[in-house]
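Presented below is the structure to which this report refers.
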């Protein structure tokens with residue numbers, strides 16, 4: 001329990017609206033002092049309740065509220081954020097609660113212009129409010145309630161406020177909402193064209209985090225060695241950290257059958273996952289459109305429907321769809337509704353408690369819609385900034401940007417675009433090689449390399465090229481990389497698979513890492529030596 005919050009305010013000022021918002025927003029146990037009075041023999045009418053409250057105040061000096069709350073606070077305090085006392089009506093009641101709970105006690109007083117309160121009272125026509133307002137206001141206890149603003153920790157004026165605004169005014173500044181923008185989010189991003197082994201890095205790091213966030217869509221799979229799985233919708237650390245909360249952000253595109261299959265495969269229960277209400281649902285029309293559109297095939301698309309769905313989201317913002325069918329968000333999809341919530345609010349709760357968050361990026365930097373080699377790009381922004389925006393995470397929350405880089409960049413097989421960045425003439429071909437060359441240089445068997453280099457979704461043999469130093473330098477700048485994770489170090493030398501420490505890597509590998517650090521101006525903090533749970537050399541100076 002963070003706080004015992006007691007609410008006060010005159011009748012019809014809006015206490016019920018505020019308490020409902022507190023209950024909706026935070027883990028709350030609400031205590032009703034009205035129920036205490038009924039249990040003491042009061043009738044369920046205003047006059048009787050007022051008289052019973054006066055009687056108890058006179059007998060106990062107002063300690064009855066504290067005493068009746070104490071066992072409930074003891075029972076629920078360990079499982080909720082807020083024990084909410086609805087409501088207190090005298091200065092002595094507030095005094096005894098403050099003495100009991102000290103700095104954990106917060107008294108919130110609602111007030112408004114008396115004419116406003118009168119109009120609200122007279123318009124709500126509750127059965128228990130048959131007493132005229134002037135009679136209610138003239139009661140000594142009710143009159144005293146108006147004066148509790150003098151002792152309250154915070155006073156909220158409810159003149160022209162919707163309930164969420166009341167909550168913001170009442171609670172902001174407490175640690176229930178995030179306070180300063182402490183960096184708690186680490187972003188894992190790909191430096192090249194995807195398939196850098198980002199999933200394996202995320203799975204390795206996952207146990208350090210309380211929240212795992214995924215953006216993007218099912219365009220490609222993120223392979224993990226242990227437990228072995230090809231993640232396309234869920235974060236790649238879902239299986240390696242079963243305790244982490246799973247968040248599918250608003251900028252995601254979802255194939256409902258696929259995400260439900262992954263949840264079933266990995267035993268993800270309803271309580272563990274939140275799919276943002278505004279995440280976009282891919283429907284069969286999107287997949288059919290991409291599958292039947294020949295132009296999409298010329299850019300190396302995996303044709304999973306994500307691009308068409310995003311296009312519909314942009315074009316169909318009016319009342320009448322102009323492209324494909326109506327847009328369906330997660331909140332509107334019957335199969336997804338049980339898992340729908342607000343990822344933004346969940347992240348706010350994470351920030352408030354100092355929870356560590358890992359954001360898993362999508363695809364590769366050079367497939368960025370804006371910064372990649374158009375038209376051979378994906379349908380979204382894939383840099384760290386774009387992924388943060390898709391997740392609803394402010395840049396100031398980012399702590400580390402880990403840029404995953406493989407020894408030889410790859411692209412989807414076929415006519416998927418250039419393999420390098422443009423030179424001064426605008427040419428951007430790159431130096432394409434074949435897997436036989438990699439096998440000869442590394443000492444790895446070709447029949448071991450090729451099966452591993454088929455797209456996890458397209459199943460096509462990938463294209464491969466020489467390392468592009470300018471490409472990785474610009475990726476570091478675009479992403480603001482604080483760290484580099486080097487993958488496929490066994491493509492430098494097969495013997496690296498036996499290395500468990502940096503000094504056991506080959507001289508050529510250590511030289512390559514030194515150059516990589518110099519060009520990116522970031523330390524190579526993680527080195528993948530083999531596709532295995534323990535196949536990562538960890539050189540981080542942070543955890």
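Mind telling me which of the residues 201, 182, 188 ends up being more than 30 Å from residue 16 (Cα to Cα) and assigned to a helix (DSSP H, G or I)?
Step by step, each of 201, 182, 188 is checked, and only 201 is more than 30 Å from residue 16 (Cα to Cα) and assigned to a helix (DSSP H, G or I).
Quick check on my filter: what residues within the stretch 78-110 are in a loop (DSSP other than H, G, I, E, B) and either in contact with a helix residue (DSSP H, G or I) (Cβ under 9 Å, 6 or more places away or on another chain) or buried (at least 20 other Cβ atoms within 10 Å of the Cβ) (or both)?
81, 87, 88, 89, 90
Any residue at all in the stretch 234-252 that's farther than 23 Å from residue 533 by Cα, surrounded by 23 or more Cβ atoms within 10 Å (Cβ to Cβ) and at pLDDT below 95?
No, that holds for no residue.
Considering only residues that are within 15 Å of the chain's Cα centre (by Cα) and surrounded by fewer than 21 Cβ atoms within 10 Å (Cβ to Cβ), look in the stretch 352-381 and name the one that is nearest to residue 177 (Cα to Cα).
If we take residues in the stretch 352-381 being within 15 Å of the chain's Cα centre (by Cα) and surrounded by fewer than 21 Cβ atoms within 10 Å (Cβ to Cβ), then 352 is nearest to residue 177 (Cα to Cα).
Can you tell me which condition residue 514 does not meet? The list is (1) at pLDDT 95 or above; (2) surrounded by fewer than 20 Cβ atoms within 10 Å (Cβ to Cβ); (3) in a loop (DSSP other than H, G, I, E, B), and all the others hold.
(3)
I'm trying to understand the selection: among the residues of the stretch 416-452, which are part of a loop (DSSP other than H, G, I, E, B) and in contact with a helix residue (DSSP H, G or I) (Cβ under 6 Å, 6 or more places away or on another chain)?
421, 443, 444 - these are the residues of the stretch 416-452 that are part of a loop (DSSP other than H, G, I, E, B) and in contact with a helix residue (DSSP H, G or I) (Cβ under 6 Å, 6 or more places away or on another chain).
If you check residue 176 against the conditions, is it touching a residue at least 12 places away in the same chain (Cβ under 8 Å), at negative phi, in contact with a strand residue (DSSP E or B) (Cβ under 8 Å, 6 or more places away or on another chain) and not assigned by TED's automatic domain parsing to the domain that holds residue 395?
Taking the combined requirement at face value, the residue satisfies it.
Which members of the stretch 44-63 meet the condition of being in contact with a helix residue (DSSP H, G or I) (Cβ under 8 Å, 6 or more places away or on another chain) and over 18 Å from residue 142 (Cα atoms)?
Scanning the stretch 44-63 gives 60, 63.
Just name the residue that is farthest from residue 303 (Cα to Cα) out of those in the stretch 375-389 that are modelled with pLDDT of 95 or more and in a loop (DSSP other than H, G, I, E, B).
Top of the filtered list is 383.
Any residue at all in the stretch 196-214 that is surrounded by fewer than 16 Cβ atoms within 10 Å (Cβ to Cβ), within 24 Å of the chain's Cα centre (by Cα) and assigned by TED's automatic domain parsing to the domain that holds residue 462?
Checked the stretch 196-214: at least one residue is surrounded by fewer than 16 Cβ atoms within 10 Å (Cβ to Cβ), within 24 Å of the chain's Cα centre (by Cα) and assigned by TED's automatic domain parsing to the domain that holds residue 462.
Can you name every residue in the stretch 205-237 that is without any contact (Cβ under 8 Å) to a residue 60 or more places away in the chain and either assigned to a strand (DSSP E or B) or touching a helix residue (DSSP H, G or I) at 6+ places or on another chain (Cβ under 7 Å) (or both)?
If the condition is that a residue be without any contact (Cβ under 8 Å) to a residue 60 or more places away in the chain and either assigned to a strand (DSSP E or B) or touching a helix residue (DSSP H, G or I) at 6+ places or on another chain (Cβ under 7 Å) (or both), then 224, 228, 229, 231, 233, 234 are the ones that fit.
Name the one entry in 66, 89 that is assigned by TED's automatic domain parsing to the domain that holds residue 140 and touching a strand residue (DSSP E or B) at 6+ places or on another chain (Cβ under 7 Å).
On inspection, the qualifying residue turns out to be 89.
Out of 131, 145, 136, 117, which single residue is touching a residue at least 60 places away in the same chain (Cβ under 8 Å) and part of a loop (DSSP other than H, G, I, E, B)?
131
The values are calculated or read from the model by the stated rules, or taken from the named source; none is laboratory data. No experiment lies behind these values; they were computed from the predicted model shown. Cβ coordinates were reconstructed from backbone atoms using ideal geometry, including for glycine residues, and neighbour counts include every protein chain displayed.
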